[in-house]
Amino acid sequence: MYNEPLPSRDSCDPDSLCSSKRLVLVVDDDPHVVRILELRLARAGYRTLAAGSASEAMQLLLEHHPPIVIADWNMPEMSGLDLCRKIRETPAVESTYFIILTADTGLDRVVQGFDAGVNDYLAKSLDPRELLGRLKSAWRIVRLEQTLNAKNAALERANRELAVANLRLKVLNERLAVQATTDELTGLLNRRAALSRVEELFTASCRYDQPIACLSVDVDHFKRVNDNYGHDVGDTVLRQVARTMREQTRESDLVCRLGGEEFLIVCPSTGCYRAVELAERLRSEMERLEIICGSVRLRVTVSIGVAHRAPHIHSVAALIKASDDALYAAKHGGRNTVRIAFDPDTDAAS
């Protein structure tokens, strides 16, 4: 049956053959059958690796990953069918295209092979046309699977890169949002963000008929601090003042830096008297605060103007102007003091 001349084994170096994509692993305990298959496959343009047992075949599979295996059904130690089952249980090589050689091509035999994970079968007669025809079909499937795997791998890489890019973009957007709404020096809300939030709080106050108060705060003689000690010390003063205001106010209170040494505190659900209590507490805390910057130690005071939503206050602008007018009065009244925009006992809004 096998009357073709056998090729030399010296011409089949596994290290060079494994680099070929058209690589087929031949598994049979009969070396004569192996050599015949090697010859016919070589003539058809395939490269081969050969194994005389299932254990040797598994070693070659894991080392070189040939995409197609042709194995004899009947082998000692482990049959070709058991080899196929082992391959299907091994994630690294489970997708290998498996062709089994069998002398019995009856339906029961074929079904048994397919149940074990066999992809195709060859009659042991090894008709060259059937061998090459089935290999062509196998290689088409292998190429399709390799192409699909490559596309899936590229898609997974693209998805990972997109996820990383989206994460970076999210972080960047969050940073930009913080920068757009936060005063860089003090960490408080900046003027633009604060005024937008004050509008929301004022609207809610009017809608639900709840009190709201506004405190305009200014650091006394701040220009002297910059002139006498430099802007580094001035920046430290502003940060300490901002920290103290944040510590003395509620979580629901809005604290912002309007610019320079001017600050604004808006207190929802707060009437005039409670706002004055807060202003006095802030003034007192600032007066006691010792600010240290390097070798410089100094104290500063603040002036505060307080206003609340009285019946004649119909807008945020009017509320803030009222607290600014009160602040102006505090400044001209000697500083380090608190002034009220108007007496709450004269209206019914407090």
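Across segment 92-119, the qualifying residues are those that are closer than 17 Å to Val69 by Cβ and either without any contact (Cβ under 8 Å) to a residue 24 or more places away in the chain or aromatic (Phe, Trp, Tyr) (or both), and the one among them that is least open to solvent (accessible area, probe 1.4 Å) is Phe98.
All told, Arg157 falls short of being surrounded by 10 or more Cβ atoms within 10 Å (Cβ to Cβ) and touching a residue at least 40 places away in the same chain (Cβ under 8 Å). Within the option set Asp232, Asp218, Asp253, being surrounded by fewer than 19 Cβ atoms within 10 Å (Cβ to Cβ) and of a type outside the set (Lys, Arg) holds for one residue only, Asp232. Restricted to segment 157-256, the set of helices (runs of 4 or more DSSP H) holding at least 1 residues that are more than 24 Å from Glu277 (Cα to Cα) and within 40 Å of the chain's Cα centre (by Cα) comprises 191-207, 231-248. For segment 120-148, the candidate set comprises residues that are more than 17 Å from Thr105 (Cβ to Cβ) and without any contact (Cβ under 8 Å) to a residue 12 or more places away in the chain; within that set, the residue that is nearest to the chain's Cα centre (by Cα) is Leu148.
Yes or no, residue by residue, for (1) open to solvent by less than 60 Å² (accessible area, probe 1.4 Å); (2) over 23 Å from Asp115 (Cβ atoms); (3) not charged (D, E, K, R):
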position	(1), (2), (3)
His32	no, yes, yes
Ala50	yes, yes, yes
His64	yes, yes, yes
Cys84	yes, no, yes
Thr90	yes, no, yes
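The strands (runs of 3 or more DSSP E) found entirely in segment 273-338 include none that carry 3 or more residues being among the aromatic types (Phe, Trp, Tyr). Can you tell me which residues in segment 259-273 are surrounded by fewer than 22 Cβ atoms within 10 Å (Cβ to Cβ), farther than 10 Å from Val217 by Cα and of a type outside the set (Ser, Thr, Tyr)? Residues satisfying the conditions are Gly259, Gly260, Pro268, Gly271.
The values are calculated or read from the model by the stated rules, or taken from the named source; none is laboratory data. Note that this is a predicted model, so its numbers are computed, not measured. As a convention, Cβ positions derive from the backbone with ideal geometry for all residues, glycine included, and neighbour counts pool all protein chains shown. Note: accessible area is taken over every heavy atom of the protein model, side chains too, but ligands, DNA and RNA are not part of it. Shrake-Rupley method; radii C 1.70, N 1.55, O 1.52, S 1.80 Å.
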